[in-house]
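The values are calculated or read from the model by the stated rules, or taken from the named source; none is laboratory data. Bear in mind that the values here come from a model prediction, so they are computed numbers and not experimental data. Glycine also receives a Cβ, built like all others from the backbone with ideal geometry; neighbour counts cover every protein chain displayed.
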Amino acid sequence: MIVSSLGNTELLKLRKTVFLCSREIPASVVLKCYDWAIEQRDQGNCIISGFHSKIEKDVFHYLLAGTQPVIMVLARGMKEKIDTELRDVVNAGRLLIVTPFENSVKRVTMETAEKRNRFMIELADEVVIGFASKSGTLERLIAEVKGKNVSRTQE
């Protein structure tokens, strides 16, 4: 359930692909993630992510260079201040920022990140994994996904 949102809520009606990636990622996979992001941007696909890990932030940068819709899901309550760059994209109707947390949740923890990831998978039509560390939280979460296409950028 979305507790708070900022931006174009109509984006929730679009076909959405969630992008998830572990914090630690081999160098050999980085370029594949960038290529994937550029392909999604060029195709105009709606991408949903937390854009929290380093690689997810890089993917976000590539996506913002396009014109396609993007949904950012926070692992905490809604931000009090939105960067000018993000504000411009929100005002253009291309970015929706949502959170399943009350504003009293101020910090991202492993628990809020996992809840956010589960929430994004629920919202999405398809799941793309940039990289998942063996035996990590993300790898376990992916194993639980049912009824959705799950692919990896390195495949």
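Here are a few things to note about the model shown:
- Number of residues in the range 101-151 that are under 23 Å from residue 1 (Cβ atoms) and outside any helix (DSSP H, G or I) equals 17.
- Single match in 25, 2, 47 (criterion: touching a residue at least 40 places away in the same chain (Cβ under 8 Å) and closer than 18 Å to residue 95 by Cβ): 2
- Restricting the range 79-93 to residues that are part of a loop (DSSP other than H, G, I, E, B) and modelled with pLDDT of 90 or more, the residue that is farthest from residue 105 (Cα to Cα): 92
- Complete set of residues in the range 122-138 that are within 15 Å of residue 22 (Cβ to Cβ), touching a residue at least 40 places away in the same chain (Cβ under 8 Å) and of a type outside the set (Ser, Thr, Tyr): 127, 128, 129, 130, 131, 132, 136, 138
- Within the range 11-57, being among the charged types (D, E, K, R), in a helix (DSSP H, G or I) and buried (at least 18 other Cβ atoms within 10 Å of the Cβ) holds for 41, 56.
- In a residue-by-residue description of the range 52-69, the property of being of a type outside the set (Val, Ile, Thr), free of Cβ contacts under 8 Å to residues at least 24 places away in the same chain and farther than 24 Å from residue 101 by Cα applies to at least one position.
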